[in-house]
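Notes follow the structure.
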Amino acid sequence: SNALQSSSSSALMHLLQNTDCLAVLPVFSVLPGLRRNELAVIIFEHRLPEVTFGLITQKHYSPTPLESSFINHMAYGLDTIQRRVKKFEG
């Protein structure tokens, strides 16, 4: 078996679309290719570990306006991803 690691998502998508390679990827990252029938999903009965995202602060933490903006941006983005994945899964 061969393994490939790439920091270029477009290179990985090109490889998947033009070969018979398999990859384990988050659903949201391949939705466009799935919708265009360029990629296919193989269902297997295995739960991948959840990856948590959190923020650790001091007890009396008071975020700056920039930090608050970043935290809100991340919360919105993660919520959007979760809704897109649930919509895709049905």
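The values are calculated or read from the model by the stated rules, or taken from the named source; none is laboratory data. Keep in mind that this is a model prediction, so the values were computed, not measured. Here the Cβ positions follow ideal geometry from the backbone for every residue, glycine too, while neighbour counts run over all protein chains shown. Remember, those area values only see protein heavy atoms, side chains included, never the ligands or the DNA or RNA. Shrake-Rupley method; radii C 1.70, N 1.55, O 1.52, S 1.80 Å.
Side notes on the structure shown:
- Taken over region 54-90, residues that are outside any helix (DSSP H, G or I) and in contact (Cβ under 8 Å) with a residue 12 or more places away in the chain amount to 1.
- Qualifying residue in region 1-16 (condition: part of a loop (DSSP other than H, G, I, E, B) and modelled with pLDDT of 80 or more): no
- Residue within region 16-37 that is under 13 Å from the mean Cα position of the chain (by Cα), of a type in the set (Phe, Trp, Tyr) and surrounded by 10 or more Cβ atoms within 10 Å (Cβ to Cβ) present: yes
- When PHE88 is tested against the conditions (1) surrounded by 11 or more Cβ atoms within 10 Å (Cβ to Cβ); (2) at pLDDT 85 or above; (3) within 15 Å of the chain's Cα centre (by Cα), the lone failure is (2).
- Residue list for region 13-32, filter: hydrophobic (A, V, I, L, M, F, W, C) and touching a helix residue (DSSP H, G or I) at 6+ places or on another chain (Cβ under 9 Å): MET13, LEU16, CYS21, LEU22, ALA23, LEU25, VAL27, PHE28, VAL30, LEU31
- So ILE81, is it under 25 Å from SER6 (Cβ atoms) and surrounded by 10 or more Cβ atoms within 10 Å (Cβ to Cβ): yes
- Region 48-59 - residue that is aliphatic (A, V, I, L, M) and open to solvent by 100 Å² or more (accessible area, probe 1.4 Å) and, of those, nearest to LYS86 (Cα to Cα): VAL51
- Taken over region 38-47, the criterion of being loosely packed, with under 13 Cβ neighbours inside 10 Å and modelled with pLDDT of 75 or more is satisfied by ALA40, VAL41, ILE42, ILE43.
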